[in-house]
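Read through the structure below, which is laid out as structure tokens, and then see the notes.
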Amino acid sequence: MSSEFNNSIRRMMNIKQHLIPDHHPIHGSSSFSQPLLIELNETAASNTVPSSSSVMNSPTLVSSSSNPSSSSEKRYIEVKDSKSGKIIKINVEEGDAIKSVAFEQLNLVCLDPGFMNTAIARSSISYIDGEKGILRYRGYDIEELAEKSSFLEVAFLLINGELPDRNQLSLWEDRVTKHSYLHENMVTLLKQFRYDAHPMGMVISSVAALGTFYEDANPALQGADLYLKGEGKDPIKIDQLRFKQIYRLLGKLPTIASCAYRHRIGKPYNNPVNNLTYTGNFLYMLDRLSETNYHPNPVLARALEKLWIIHAEHEMNCSTAAMRHLSSSRVDPYTAIAGAGGALYGPLHGGACEAVLHMLEEIGTKENIPKFIEDVKNRKKKLMGFGHRIYRSYDPRAKIVKQVADEVFEILGKEPMIEIAIELEKIALNDPYFKERKLYPNVDFYSGLVYKALGFPTDYYPVLFLIPRVAGWLAHWIESLEDPDVKIFRPKQVYTGIEHRKYIPVNHRKPAQTKNATALKSFISPMSKRRSNE
Ligand SMILES: CC(C)(COP(=O)(O)OP(=O)(O)OC[C@H]1O[C@@H](n2cnc3c(N)ncnc32)[C@H](O)[C@@H]1OP(=O)(O)O)[C@@H](O)C(=O)NCCC(=O)NCCS
């Protein structure tokens, strides 16, 4: 490592430490929740009160107490098990949270498939008010960030907790852009994909492969606590190591994604350039042919940047929870991001904007909308790009995407399918089925149309979601590394299988009565049938 590099990293770390107040959780010294937790555990949390009241079929919430005026009296709930008659008190902690581990006192587990009401961490990165349609990153409204900030500024905010000043931003941009080149072996690896490989599969596996280039970054080789601070360790060096991976990932993701794109269209890959914005450089790598001084359209680059800002983070969704899940095993961040990318790929998550386009293509004309809506209400179809687990009024990001759509259409012409989308939205929003279920357009409803107008192939949309979301995942990675409450994720299950069986040797067994019996004989290609001589 050059001394110039060391100096810049040191400067960066000094800035970061100056930026973030000592009490901030990023310093790891004191989590905002920890003192409170100790106090609560010492008071009422483990109290059990025997009761002689009548036996009921299930535990009941007996009472809930709260007295905000008295600092000595903590809010708690009482839960009574109707079987044993036992009552436990569970303290209500910061954020109106109760610890489900408290139910162990009643030998009960909390069953929550889909995490409908389970928080897996305390986080100060982003905030959503689903009823009011509010999204904030570190306290800043998403609308203001999309309008006024650059993507890298927002990435800095998410990861470091504060907006950078001019010098900090320049340094941050410099570090990220100077980590945008790929190792030639990585380029060779990308070239081995089939010409028609799904770009998301290419990007996810390439990010996992990227980790193999950095021995220094791999806890499997360097020790499980590689990224953790602690006794005998220099916290500055740990921060530097963490930020080295952050720069590499933010820097190289657009390069990998552009290689995947060029691979599909059979064009040579472009190396990144340092004199353009984050999205400008990305468009350059996608589009430059033989021009010596190619510059992407600045309005389109800015439109893409706005889309990336609103996609950068979205609290504890499926892929971010996956990022936290993988990180809890202390695996390297490249593998964790590949895993989170896998979650994002799914059609109910980041794959939805791709699915919206397929849906609009299938509908084809405005005349077919009523029939489609009927099919949705009869549960034959799903209205992709509608509905959200958290937003119960509008998704604030969808509004921004609509504005961006106008900016893009102004230059590139209206995407014809927008008419179908607008009509579909109008009909759905006036239909009691959607109204009653509070189903509104989400971010994916219009973003696919913007990406289509921008000329991206449909299967590339999830990649355009993944690149910016890496910033959010890295913010969660850092936050989880600093969180003293984090343990390896190990959810429980409720076992519903056979308790115990006697083993029978294979020659004495009857055919297995399994519902998968037909699947075992699933599709055999004519080629395999010919080869097997059956
Ligand atoms: C996002 C999503 C997965 C959230 O799911 P969820 O919080 O588990 O909500 P549910 O699936 O329980 O939906 C609640 C009700 O609305 C209905 N519903 C939800 N989304 C719907 C949609 N897109 N089209 C039609 N009906 C929908 C469900 O059928 C259910 O109706 P019911 O109560 O009569 O059974 C879901 O809305 C969805 O699949 N949307 C389409 C995919 C999409 O756009 N994803 C991107 C999210 S940013």
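I want the local charge near Met316. Using Cβ-Cβ distances under 12 Å, sum +1 for each Lys or Arg and -1 for each Asp or Glu among the other residues. Residues near Met316 contribute 0 overall. Is any residue of the range 482-498 close enough, with backbone N under 20 Å, to a label point placed 7 angstrom from the Cα of Lys237 along the Cα-Cβ axis, and if so, which? Label zone hits: 482. Of all lysines in the structure, those lying under 18 Å Cα to Cα from Lys380, and not within fewer than 8 positions of it along the same chain, are Lys371.
Couplings 3J(HN,Hα) of the range 73-83, computed from phi: 8, 8, 6, 8, 10, 10, 10, 10, 8, 5, 6 Hz, in residue order, whole Hz [Karplus 6.51 cos²θ - 1.76 cosθ + 1.60, θ = phi - 60°; x for Gly and Pro]. Taking 13 Å as the straight-line reach from the Cα of Lys382, the aspartates and glutamates in range (excluding those fewer than 8 positions away in the same chain) are Glu362, Glu374.
Could you work out [θ]222 nm for the chain from helices alone, using -39500 (n - 2.57) per DSSP H run of at least four and dividing by all its residues? Round to the nearest 500 deg cm²/dmol.
Working: 22 runs with 255 residues, N = 534.
Using -39500 (n - 2.57) per qualifying helix, the result is -14500 deg cm²/dmol.
Residues whose amide H lies under 5 Å from that of Phe386, counting only those 5 or more places away or on a different chain, are Asn442; hydrogens are built 1.01 Å from N in the peptide plane.
For the chain, what is the charge dipole size about the Cα centre, in debye to the nearest 20, if Lys and Arg each add +1 at the Cβ and Asp and Glu each add -1 at the Cβ? Could the numbers behind the result be given before it?
On the way: 66 positive and 61 negative charges, 454 e Å.
Dipole about the Cα centre, nearest 20: 2180 debye.
Each part reduced to its alpha carbon centroid, the range 461-534 and the range 103-169 end up 30 Å apart.
Between Lys435 and Ile411, 0.36 nm times their residue separation minus their Cα-Cα distance comes to what?
On the way: separation 24, 0.36 × 24 = 8.64 nm, distance 3.48 nm.
Computed gain between Lys435 and Ile411 is 5.2 nm.
In a fully extended conformation the segment linking Thr188 and Asp96 would gain 28.0 nm over its present Cα-Cα distance, using 0.36 nm per residue.
Projected label points at Asp165 and Asn275, each 7 Å from Cα along the beta carbon direction, are separated by 2.9 nanometres.
Backbone phi angles across the range 422-431, fed through the Karplus curve with coefficients 6.51, -1.76 and 1.60 (θ = phi - 60°), yield HN-Hα couplings of 5, 5, 4, 4, 4, 5, 5, 5, 9, 9 Hz in residue order; Gly and Pro are listed as x. Within the same chain, lysines fewer than 8 places from Lys80 are excluded, and of the rest, those with a Cα less than 21 Å from its Cα are Lys89, Lys99. Could you please state, rounded to a whole Å, how far the C-alpha centre of the range 381-436 is from the C-alpha centre of the range 172-191? That distance is 36 Å. Per-residue Karplus couplings for the range 221-231, computed as 6.51 cos²θ - 1.76 cosθ + 1.60 with θ equal to phi - 60°, are listed in order as 9, 9, x, 4, 9, 3, 9, 9, 8, x, 4 Hz, Gly and Pro entered as x.
Just to confirm a number: summing +1 for Lys and Arg and -1 for Asp and Glu over residues other than Arg166 whose beta-carbon lies under 12 angstrom from that of Arg166, what do you get?
-3
Quote the relative contact order of the range 401-534 in percent (integer), defining contacts as alpha-carbon pairs under 8 Å separated by 6+ residues. Spell out each step's value before the answer.
On the way: 41 pairs, mean separation 30.2, N = 134.
Normalised by residue count, the contact order of the range 401-534 is 23 percent.
Tally Lys/Arg at +1 and Asp/Glu at -1 over every other residue whose Cβ is under 15 Å from the Cβ of Glu184; what's the total? Intermediate results must be reported in sequence, preceding the final value.
Details: positive: Lys191, Lys252; negative: none.
Around Glu184, the surrounding residues sum to +2.
None of the figures in this text is laboratory data; all of them are computed from the coordinates on show. Computed from a prediction, not measured in an experiment: that's the story for all the values here. No Cβ is skipped: glycine too gets one built from the backbone with ideal geometry, and neighbour counts run over all protein chains shown.
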